[in-house]
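Worksheet: one structure, shown below.
The values are calculated or read from the model by the stated rules, or taken from the named source; none is laboratory data. Model, not experiment: these values are computed from the prediction. Here the Cβ positions follow ideal geometry from the backbone for every residue, glycine too, while neighbour counts run over all protein chains shown.
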Amino acid sequence: MSTDALDQIIPDKVCLHVISDSSGATAVRVLRGASVQFKECDVEISVLAHLSNVAQARAYIEREVEEGEETAVFHTIMNEQLRDSVKELLDGKGIPSVDVLGPATMVLSSVLGTDPVREVGLTLDDGVEPRYTEAADLA
């Protein structure tokens, strides 16, 4: 594909959105980690924090996202009903979205055999570091 064709496909700049019932910091970290893989595009991140109802999400989307704009929403919403309502809103507007914590929470629930507490704003700062293994040490 020619450079001219790529210039027409890849936007120069895209604004991605984080919606969270807490600070949004977790989704921002994940989004930044993923976006560095796309060096040819300038990614801007906009955050709606401390969401408590779908009307707030609707007002944010109406104000921040232009119709037809290439964008996506990455969300961390612990309240299932609110998360489902936001997902329905985004689907209705044709905006792709990613539930950043939901799949990990579901797998942990299955492995641990218990339901999550679903408290908003919890962070883990217990000073315990993961145990790392370098792949080169296994070859």
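Before moving on, here are some points about what is shown:
- Residue in the stretch 115-137 that is surrounded by 12 or more Cβ atoms within 10 Å (Cβ to Cβ), within 21 Å of residue 23 (Cα to Cα) and hydroxyl-bearing (Ser, Thr, Tyr) present: no
- Restricting attention to the stretch 100-114, the residues that are exposed (fewer than 10 other Cβ atoms within 10 Å of the Cβ) and β-branched (Val, Ile, Thr) add up to 2.
- Residue list for the stretch 13-24, filter: farther than 15 Å from residue 98 by Cβ and either of a type in the set (S, T, N, Q) or assigned to a loop (DSSP other than H, G, I, E, B) (or both): 21, 22, 23
- Checked against the criterion of being among the small types (Gly, Ala, Ser) and within 15 Å of the chain's Cα centre (by Cα), the candidates 59, 55, 72 yield just one match: 72.
- The stretch 25-36, residues that are farther than 23 Å from residue 106 by Cα, in a helix (DSSP H, G or I) and not small (Gly, Ala, Ser): 32
- Complete set of residues in the stretch 1-37 that are modelled with pLDDT under 90 and more than 30 Å from residue 85 (Cβ to Cβ): 1, 2, 3, 4, 5, 6, 7, 8, 9, 10, 12
- Only a single item in (1) surrounded by fewer than 10 Cβ atoms within 10 Å (Cβ to Cβ); (2) within 15 Å of residue 16 (Cβ to Cβ) is not met by residue 97, and it is number (1).
- Qualifying residue in the stretch 73-83 (condition: surrounded by 10 or more Cβ atoms within 10 Å (Cβ to Cβ) and in contact with a His (Cβ under 6 Å, 6 or more places away or on another chain)): yes
- No other residue among 71, 123, 114 is under 22 Å from residue 15 (Cβ atoms) and among the hydroxyl-bearing types (Ser, Thr, Tyr) apart from 71.
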